[in-house]
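Read through the structure below, which is laid out as structure tokens, and then see the notes.
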Amino acid sequence: GGSDSDSSPPQPEWIEVMSPEVPKEIPDENQAFSQLTVQPAGTILEAYLEFQIEHTCRLDLWMELRHPDGTTWEQAAPADCAQVWEGPMGFETGGKRSNGVWSLTVMDRFDGDQGVLRAWGLRLRIQR
């Protein structure tokens with residue numbers, strides 16, 4: 001019975017989940033916090049953070065993505081004053097599970113500029 005399709009594992013699939021908690025103001029010397037819930041459960045094979053931030057000087061910005069298990073990935077914005085910072089940005093998960101509540105914190109570290117987190121989400125290739 002080599003043709004039994006039930007014995008082969010399902011193919012990896014791409015899922016995309018965008019946060020409904022946007023837009024979020026990024027106050028001067030303060031932070032924006034937003035969450036999203038990933039329902040499909042699987043092992044993450046590839047992961048991308050999709051995001052769009054508008055800011056009067058993006059070098060002020062730093063962000064932290066948090067996995068449901070508490071693991072975090074941090075990224076500083078490019079060191080220039082362009083007014084848009086956007087993804088996608090790949091990150092390594094080490095085979096973590098996809099499902100649960102993820103969060104993104106965007107921090108403004110310096111005085112004098114502010115912005116808005118317009119959109120963010122996750123694009124994940126998972127093996128169920």
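The values are calculated or read from the model by the stated rules, or taken from the named source; none is laboratory data. Note that this is a predicted model, so its numbers are computed, not measured. Cβ coordinates were reconstructed from backbone atoms using ideal geometry, including for glycine residues, and neighbour counts include every protein chain displayed. Protein only, heavy atoms only, side chains kept; ligands, DNA and RNA dropped before computing areas. Shrake-Rupley method; radii C 1.70, N 1.55, O 1.52, S 1.80 Å.
Just a few scattered comments:
- For the residues Met18, Met63, a 1.4 Å probe over the protein chains yields an accessible-area ranking, largest first, of Met18, Met63.
- Cut-off 11 Å between beta-carbons: net charge of the residues surrounding Ala119, Lys and Arg +1, Asp and Glu -1: -2
- Largest-first ordering by accessible area, 1.4 Å probe, given options Thr93, Thr72: Thr72, Thr93
- Rounded to the nearest 20 debye, the dipole size of the range 36-123 about its Cα centre is 400 debye, using +1 on the Cβ of Lys and Arg and -1 on the Cβ of Asp and Glu.
- Protein heavy-atom surface of the chain, 1.4 angstrom probe: 46% of the accessible area is carbon and sulfur, with nucleic acids and ligands not counted.
- Taking all protein chains together and a 1.4 Å probe, the residues Trp62, Trp120 rank Trp62, Trp120 from largest to smallest accessible area.
- Neighbourhood net charge (10 Å Cβ-Cβ; Lys/Arg +1, Asp/Glu -1) for Ala47: +1
- Area accessible to solvent at Ser7, 1.4 Å probe radius, in Å²: 90 Å²
- Measuring nothing but how far apart in sequence close Cα pairs (under 8 Å, 6+ apart) lie, relative to its length, the chain scores a relative contact order of 45 percent.
- For the chain: accessible area per residue (Å², 1.4 Å): 53 Å²
- Environment charge of Ala76, counting only residues whose C-beta is closer than 11 Å and scoring Lys/Arg +1, Asp/Glu -1: -1
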